[in-house]
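Everything below concerns the one structure shown next.
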Amino acid sequence: MTQYLRDIKDAVVSAFKGMGITSKHLAKKPVTLQYPDERWVLPERFKGFIINDTHRCDACLRCAKVCPVDCIYIETTGKAKDRYMYRYAIDYNKCIWCGLCVAECPTDACQHSLDYDHALYDRTRLVYEFTSPAKPIPCHKETRLEQGYYVPNADEERAKLAAKKEAELKKAEDETAAPDPSPDEGKVE
Ligand code: SF4
Ligand code: SF4
């Protein structure tokens with residue numbers, strides 16, 4: 001009987017303790033979000049699902065070769081200037097977000113996105129297609145240039161920026177080093 005009464009007392013005390021904690025938070029601002037209607041703003045460098053900016057991709061296959069789980073599918077047709085990529089797909093079922101493809105890509109076409117949520121009922125829908133066979137992407141640099149596809153890669157961009165900065169510095173140095181006009185210059189005799 002004593003034990004029975006003690007159990008009732010413990011239950012009442014613990015219920016009040018729980019209610020005390022709950023009531024403390026009633027007036028506080030919630031720290032949770034109404035997911036999926038509301039979502040956190042992710043940091044700029046968040047590494048989410050891999051995406052391909054196909055305008056920059058020249059189908060060099062480096063990303064597919066470096067991928068440890070073979071989840072990048074690239075299909076091309078033709079040779080040299082007539083080589084076209086008609087499929088670039090990533091199987092998000094297999095991707096482990098290692099980022100090796102991003103590090104290997106010479107044109108920065110392969111990038112991490114801020115996307116992290118692809119809850120689906122059908123796993124086949126997790127194979128994302130970035131190209132359409134109806135609109136193949138030219139792979140050769142010259143054809144890409146002709147068709148307005150070519151985008152300089154990260155190294156080329158960096159070299160261009162460095163050259164621009166160097167030219168600006170040189171100009172500034174030349175201006176500083178230019179001799180002051182002589183005191184007689186401009187004097188009307
Ligand atoms: S992040 Fe890793 S696993 Fe995913 S596609 Fe790139 S290389 Fe493959
Ligand atoms: S490494 Fe970059 S450029 Fe080469 S196929 Fe992959 S995404 Fe395209």
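So which residues in segment 75-90 are more than 8 Å from ligand 1 (Cβ to nearest atom) and within 30 Å of residue 43 (Cβ to Cβ), if there are any at all? Matches in segment 75-90: 88, 89. A search for C-beta distances below 7 Å between a residue of segment 99-126 that is closer than 23 Å to residue 38 by Cβ and any residue that is part of a helix (DSSP H, G or I), counting only pairs 6+ apart in sequence or on different chains, returns 112/102; 118/126; 120/126.
From 29, 81, 24, 9, which residue is touching a helix residue (DSSP H, G or I) at 6+ places or on another chain (Cβ under 7 Å), of a type in the set (Lys, Arg) and more than 25 Å from residue 100 (Cα to Cα)? Going through 29, 81, 24, 9 in turn, just one is touching a helix residue (DSSP H, G or I) at 6+ places or on another chain (Cβ under 7 Å), of a type in the set (Lys, Arg) and more than 25 Å from residue 100 (Cα to Cα): 81. Within segment 110-121, the residues that satisfy the criterion of being within 10 Å of the chain's Cα centre (by Cα) and either exposed (fewer than 14 other Cβ atoms within 10 Å of the Cβ) or within 13 Å of ligand 1 (Cβ to nearest atom) (or both) are 110, 111, 112, 113, 115. For residue 70, indicate whether it is of a type in the set (D, E, K, R) and in contact with a helix residue (DSSP H, G or I) (Cβ under 8 Å, 6 or more places away or on another chain). It is true that residue 70 is of a type in the set (D, E, K, R) and in contact with a helix residue (DSSP H, G or I) (Cβ under 8 Å, 6 or more places away or on another chain). Taking interchain pairs and intrachain pairs at least six residues apart, which have beta carbon atoms under 7 angstrom, with the first residue in segment 57-69 and more than 6 Å from ligand 2 (Cβ to nearest atom) and at pLDDT below 95 and the second part of a helix (DSSP H, G or I) and of a type in the set (Asp, Glu)? Pairs found: none. Annotation: residue 88 fulfils all but one of (1) of a type outside the set (S, T, N, Q); (2) part of a helix (DSSP H, G or I); (3) closer than 30 Å to residue 141 by Cβ; the unmet one is (2). Restricting 184, 174, 155, 122 to residues that are at pLDDT 90 or above and over 17 Å from residue 54 (Cβ atoms) narrows the list to 122. Residue check: residue 90 meets all listed conditions (1) modelled with pLDDT under 95; (2) more than 9 Å from ligand 2 (Cβ to nearest atom); (3) surrounded by 14 or more Cβ atoms within 10 Å (Cβ to Cβ) but one, namely (1). From the list 54, 76, 107, the one residue that fits, being in a strand (DSSP E or B), surrounded by 10 or more Cβ atoms within 10 Å (Cβ to Cβ) and either touching a helix residue (DSSP H, G or I) at 6+ places or on another chain (Cβ under 7 Å) or among the polar types (S, T, N, Q) (or both), is 76. When 107, 131 are screened for being in contact with a Pro (Cβ under 9 Å, 6 or more places away or on another chain), under 16 Å from residue 54 (Cα atoms) and within 16 Å of ligand 1 (Cβ to nearest atom), only 107 passes. When each of 102, 69 is tested for being of a type in the set (Val, Ile, Thr), within 16 Å of ligand 1 (Cβ to nearest atom) and part of a helix (DSSP H, G or I), the lone residue that passes is 102. Out of the residues in segment 127-152 that are closer than 23 Å to residue 71 by Cβ and in a loop (DSSP other than H, G, I, E, B), which is modelled with the lowest pLDDT? Restricting to residues being closer than 23 Å to residue 71 by Cβ and in a loop (DSSP other than H, G, I, E, B), the top hit is 133.
Just one of the listed residues (36, 43, 30) is at pLDDT 90 or above, surrounded by fewer than 15 Cβ atoms within 10 Å (Cβ to Cβ), farther than 29 Å from residue 137 by Cβ and more than 16 Å from ligand 2 (Cβ to nearest atom), and it is 43.
The values are calculated or read from the model by the stated rules, or taken from the named source; none is laboratory data. Here the structure is a predicted model, which means the values were calculated and not measured. Note that each Cβ is placed from the backbone with ideal geometry, even for glycine, and that neighbours are counted across all protein chains shown.
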